[in-house]
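See structure below.
Values in this text are rule-based calculations from the coordinates and carry no lab data. All values derive from a computational prediction rather than experimental measurement. Glycine gets a Cβ as well: all are built from the backbone with ideal geometry, and neighbour counts include every protein chain shown.
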Amino acid sequence: MRYEEVKQLIRSELRKDPSGLTWAELKSRLRLPYKNLCPQWTIQLEDEIGLIRKRGDGRAYIWRLARGGKKSA
């Protein structure tokens with residue numbers, strides 16, 4: 001799976017759930033084949049789609065989009 005495909009899937013899923021999701025929830029819902037996402041891709045997502053990751057309850061981080069997103073790339 002290419003980066004652009006992953007980016008579109010994650011952006012779409014996070015738009016459906018603005019309160020955010022954990023990586024495990026995203027991975028499960030989208031049936032992604034990755035145990036963890038490549039750190040470089042995560043950094044790109046932060047820059048390109050406005051991904052924000054904040055620690056939630058416990059050890060998990062909540063992934064969500066910044067209000068208004070960033071670029072439409």
- Item | Cα→Cβ-extended label distance, 7 Å offset, between S12 and A66, nm | 2.4 nm
- Message: With equal scatterers on the alpha carbons only and no solvent term, can you work out the Debye log10 of I(q)/I(0) for segment 3-58 at 0.30 1/Å?
- Response: -1.70
- At R29 and I43, where each label point lies 7 Å from the Cα along Cα→Cβ, what is the point-to-point distance in nanometres? 2.7 nm
- Potential lengthening between M1 and N36 on full extension [0.36 nm per residue; Cα-Cα distance subtracted]: 11.2 nm
- Neighbours of D17 by Cβ distance under 13 Å: Lys/Arg at +1, Asp/Glu at -1, summed charge +3
- Report the trypsin sites (Lys or Arg not before Pro) located in the chain that are in a DSSP loop and have at most 14 other Cβ atoms inside 10 Å of their Cβ, or state none. R2, R31, K35, R59, R67, K70, K71
